[in-house]
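Below you'll find the structure, written out as structure tokens, and then a few comments.
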Amino acid sequence: FRYLAFVLTAVGDMTLVDLGDAVELEKLARQVLEDIQTSMKAPQRSQQSLQALYQKVWAPLKDVLKDADKVVLSPDGQLNLVPFAALLDEQGRSLVERYRLAYVTSGRELVGAGAPTPPDSDLLLVANPAFAKKDVATGSPGASRRSRNFRGSFDPLPGTELEAKTIPPLVAGKKDRKRVVVGATATESAVKAARSPRILHLATHGFFLEDEEIVLDDKQRGQKVAAPKHENPLVRSGLAFAGANHAAESAGDDDGILTALEITGMDLYGTDLVVLSACETGVGEVKTGEGVYGLRRAFALAGAKNLMMSLWPVSDDVTATQMKAFYKNMQTMPSAEALRQAQLATIKELKAKFGTAAPVLWAPFFLQGAQALGQ
């Protein structure tokens, strides 16, 4: 198998570029993600990986892209999990310094939809849930849709309280059309009850559980045999809210764990932007030709037009600062460009403070949506 890049320009010209062997590319993509995680301790290794992947997936496209500065990406396979903004060119510059980038799950999103649904409110912001609080769960017994293997425990996120204070004044709209819930009130039910807020901002922990194999006792042959679980990947990814640390004790559908499967049932057709200010919200089960089964697929199915997600665990403090810059930028520019400028500002601050800008700190977030770069 090989990776092929189809480059479609604004005037309708299409070019096919062979990027090479799929196994080799995906191996390199995984290496990039591993090296980014250690980029603060081993910056040279992550730089080498990011340059190597650039040579494989981006350098072959330069002649086709020419002077384009806006690029909408629809990756496949393991490339769905690559932070393209952090790839390094021949001069050692990150792509975020040269291009405005956004993502879509497929080219069909670029065609557009019908008349937009008006939002019911301007903002719902949920931050720093009380994960350890007991007696939060409600709902029908036996209605939970979380993974059977879920045994999560989540640490508090006090840094997200800063987002709860600084972001609402930066969002256009009347005060009574903005709602902020924190602590014990930051519940799963508060999120599921939302009806198309213009901006839905969720500052909490995200998770994705790798699928596992179960071991069956084969009595006839007297040995243990492995069998795949085949559990729906949409119940293995989600977000944590108040009471999440006691989810395993709950049989109700409001157990503090909002799974991707539950998100698909939400009404977000009037929502312009969902911001997942959390860890690993952009990961999930990669299906070649179909994208990532996880939160990014779930929010798209729920109707959200644009979605900001993360590819790895994020820094609480750096994220709060970057989010403030992002919302300030959004007052005058499209969401993807607002994120880009916030990332560039973070790079500048990190270099001034540490002499280098580790991508693990500045590059976890990316924006998905056909209108993320504007019309």
**Largest to smallest accessible area among 154, 299 [probe 1.4 Å]** = 154, 299
**Request:** Please sort 64-70, 335-341 by packing, taking for each peptide the average over its residues of neighbouring beta carbons within 10 angstrom, highest first.
**Result:** 335-341, 64-70
**Message:** What are the extents of the Cα atoms of the range 1-137 along their three principal axes, in Å, largest first?
**Reply:** 56, 47, 31
**Asked** How much accessible surface does residue 6 have with a 1.4 Å probe, in Å² rounded to 10?
**Response** 130 Å²
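Could you compute Rg(Cα) / (2.2 N^0.38 Å) for the range 296-338, with N its residue count?
Details: Rg = 12.2 Å, N = 43, 2.2 N^0.38 = 9.2 Å.
Taking N as the residue count of the range 296-338, the ratio is 1.33.
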**Complete:** As straight-line cross-link partners of residue 134, the qualifying lysines (C-alpha separation under 25 Å, not fewer than 8 residues apart within one chain) are 192
**Prompt:** Ignoring any ligand, DNA or RNA, what whole percent of the accessible area of the range 307-375 comes from carbon and sulfur when the probe is 1.4 angstrom?
**Reply:** 53 percent
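Go through 308, 14 and list them by solvent-accessible area, largest first, probe radius 1.4 Å.
Details: 308 0, 14 120 Å².
If we order 308, 14 from most to least accessible, we get 14, 308.
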**Complete:** With every protein chain kept in place and a 1.4 Å probe, the range 7-49 has an accessible area per residue in Å² of 65 Å²
**Residue-level accessible surface for residue 235, protein heavy atoms, 1.4 Å, Å²** = 20 Å²
**Asked** Straight-line reach from residue 324: which lysines have a Cα under 20 Å away, not including same-chain ones fewer than 8 places off?
**Response** 165, 174, 175, 178, 348, 351, 353
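The values are calculated or read from the model by the stated rules, or taken from the named source; none is laboratory data. As the structure is a prediction and not an experimental result, all values here were calculated from the model. In this analysis, Cβ positions are derived from the backbone assuming ideal geometry, glycine residues included, and neighbour counts consider all displayed protein chains. Side chains included, ligands, DNA and RNA excluded: accessible areas come from the protein's heavy atoms. Shrake-Rupley method; radii C 1.70, N 1.55, O 1.52, S 1.80 Å.
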